[in-house]
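The structure appears right after this line, and notes come after that.
The values are calculated or read from the model by the stated rules, or taken from the named source; none is laboratory data. In this text, all values refer to a predicted model and were calculated from it rather than measured experimentally. Virtual Cβ from ideal backbone geometry, glycine too; neighbours counted across all protein chains shown. What goes into the accessible areas is simple: the full protein's heavy atoms, side chains included, and nothing from ligands, DNA or RNA. Shrake-Rupley method; radii C 1.70, N 1.55, O 1.52, S 1.80 Å.
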Amino acid sequence: MSPNASPVSLTRYLIEEQREGRIGPNLRLLIEVVARACKSISIAVGKGALGGVLGDAGTAGEASINVQGEAQKKLDVLSNEILLEANAWGGHLAALASEEMDHCVVIPDEYPRGSYLLLFDPLDGSSNIDVNISVGTIFSVLRCPDDIATVGDEHFLQPGTAQVAAGYCTYGPSTMLVLTIGNGTHSFTLDREIGSFVMTTRGMRIPEETREFAVNMSNQRFWEPPMQAYVGDLLAGTQGPRGKDFNMRWVASMVADVHRILTRGGIFSYPLDAKCADKGGKLRLMYEANPMAFLVEQAGGEASTGRQRMLDVAPTGLHQRVPVFLGSKREVQAAVGYHTRHDMGS
Ligand code: P6P
C-alpha cells in the first residue's frame, strides 16, 4: 500500500505531525475529540427544521439570554452541550470556556484531567441558522499554566501568540474543518459515508492582494473617521486613490466569511462603531478573533485590531471584544495605514 495514494485523514495528519514532534499525543487526541463533537453538531445542524432544533432557546415567551446579552438559539445551547459532553471524558483538558457560558468550567475531579484549556464559540453566526445560511464552530487551545490549585477565568487570559492550536468547522454545503497547530493552515472535508474528515487542502494560502471586502455597510454612519475614509476609497474604485474596483460580500457569519477569505482572499472587518465602542467592538477576542487570526497568519495573511497585531493583544477579560481586520496581507496593511495616519493627526 502506497502511503501517498490514499487520502490523508485528519487522524493521519495529526499522527504525522506527532511523529515530526510538532504536537504531543494529548493535543492530538484533544483535536480529535473536538472534531468528533463538530461531526455531531453538523448532524444536528443538517437536520434543520426536521430536527426540532430551530428557533430560539428558552421557554414560551421568555428568551434565553447568554452572557453576551444575545438571545440564544436552541442550536447554540445544543452545540455547547455537545462540546461540553465530548470533552468531559476526554482527559486532555484542565478547563474550558465558551461564548455561551459566563465563566470557565473546570473539569471535575471525578473526570480525567489534562493540561490544556479549550475555548470555543459553539455555533457562530447562529442568527443565520433559521434561514439556512452557513454557520460554524470556532475553537482555540491554550496550555494551562503549571502548578495552579484551581483553574479560573484569569488563567485563560493569554495572548493569541500562546495558542497551540486553533480551528473552525463550517457547516455549509459541505462540512469542513480548518485547522492550524502552528505549521500551516489546512482544510479537511467531512466524508459522511465513512464519518472521517479528509484533507482537502494542505497549506491554504491567502493571496496578498484582493479586490473583495467584507463589512456590514449598514453600520457606516457609526464608524470612526479612518474606517469611513478607508471604505470610501474602496467604493471610489478606479476613480479613487486605490485605482481599482472592489467587490463586497457580507454573510454575517464570521466562519463563512473567513472561510471564503482563506479560500480566495479578501479582507474581513468588524471595526469599532458607535454602537459597540463602549464594549470595545462586536467580535470576541478569545474565541473568535484570536483563533481566526492564528489561522489567517498561518495562511500568509494578517490580522489586526486596526491599531495592533491581533495575536499580541493582552487579554483583560474572557469575553473581551475587539475590532477586527483580517485577510489579504496588503489589504489589511492598507486598512491599518488609514488608522495610523488618522491617529498621527495626518
Ligand atoms: P452583524 C454572528 O453573530 C457574528 O458574531 C459573526 O459571526 C458575524 O461576522 C457578525 O456577528 C455579524 O454581525 O452586526 O452584521 O449581524
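For the stretch 219-258, a Kirkwood radius taken over Cα pairs fed into Stokes-Einstein (25 °C, viscosity 0.890 mPa s) yields D = 214 µm²/s. Subtracting the Cα-Cα distance of Ile43 and Asp109 from their residue separation scaled by 0.36 nm leaves 20.7 nm. Shown is the FRET efficiency for Ser346 and Glu81, computed with R0 = 41 Å from the Cβ-Cβ distance and rounded to the nearest 0.05: 0.20.
One chain, two ends: Arg202 and Asp245. Fully extended at 0.36 nm per residue, the span grows by 12.4 nm beyond their Cα-Cα distance.
What part of the accessible area of the stretch 26-95, given as a whole %, is carbon or sulfur when the probe is 1.4 angstrom? Roughly 55 percent of what the probe reaches on the stretch 26-95 is carbon or sulfur. Measuring from each cysteine beta-carbon in the chain, the ones with no other cysteine beta-carbon under 4.7 angstrom are Cys104, Cys144, Cys276.
A P(r) calculated from all alpha carbon pairs of the stretch 1-119, with 5 Å bins opening at zero, reads 2, 10, 16, 16, 17, 14, 11, 7, 4, 2, 1, 0, 0 percent. Pairs of Cα atoms in the stretch 30-179 fall into 5 Å distance bins, from 0 up to the last occupied one, in shares of 2, 10, 20, 21, 20, 14, 9, 4, 1, 0 percent.
The fraction of all Cα pairs in the stretch 142-255 landing in successive 10 Å bins from 0 to the largest distance is 10, 24, 26, 28, 10, 2, 0, given as whole percents. In angstrom, the C-alpha Rg and Dmax of the stretch 84-142 are 13.3, 41. For the chain, the Kirkwood estimate of hydrodynamic radius, built from reciprocal distances between every pair of different alpha carbons, is 20.7 Å. Computed over the alpha carbons of the stretch 204-291, Rg followed by Dmax gives 13.6, 39 Å.
Straight-distance candidates among the aspartates and glutamates for linking to Lys73, with alpha-carbon spacing under 17 Å and chain neighbours fewer than 8 residues away dropped: Asp56, Glu62, Glu81, Glu99, Glu100, Asp102, Asp121, Asp124, Asp130.
Protein heavy-atom surface of the stretch 146-203, 1.4 angstrom probe: 47% of the accessible area is carbon and sulfur, with nucleic acids and ligands not counted. Extending 7 Å from the Cα toward the beta-carbon at both Ala236 and Glu209 defines two label points whose distance is 1.9 nm. For Asp130 and Trp89, the FRET efficiency from 1/(1 + (r/R0)^6), where r spans their Cβ atoms and R0 equals 35 Å, is about 0.60. Computed on the Cα trace of the stretch 39-105, the radius of gyration divided by the Kirkwood hydrodynamic radius gives Rg/Rh = 1.01. Between Glu154 and Glu20, full extension at 0.36 nm per residue minus the direct alpha carbon distance yields a gain of 45.0 nm. Taking 8 Å as the Cα distance limit and 6 or more residues as the minimum spacing, I'd like the relative contact order of the chain as a percentage. RCO, the chain: 15 percent. Accessible surface calculations at 1.4 Å, restricted to protein heavy atoms, place the chain at 42 Å² per residue. Dimensions of the stretch 264-346 from C-alpha coordinates, computed as largest minus smallest value along each principal axis and given longest first, are 33, 29, 20 Å.
Straight-line cross-link partners of Lys329 among the lysines, defined as a Cα under 18 Å from its Cα and at least 8 positions apart when in the same chain: Lys244.
For the stretch 162-195, the residues whose backbone nitrogen is under 12 Å from a point 7 Å from the Cα of Thr11, taken along Cα to Cβ, are 194-195. Computed from Cα atoms, the angle from the helix 74-88 axis to the main principal axis of the chain rounds to 50 degrees. Each of Met101, Leu54, Tyr116 was scored by the projection of its Cα onto the charge dipole of the stretch 11-121, and the greatest displacement toward the positive side belongs to Tyr116; charges sit on the C-beta of Lys, Arg, Asp and Glu.
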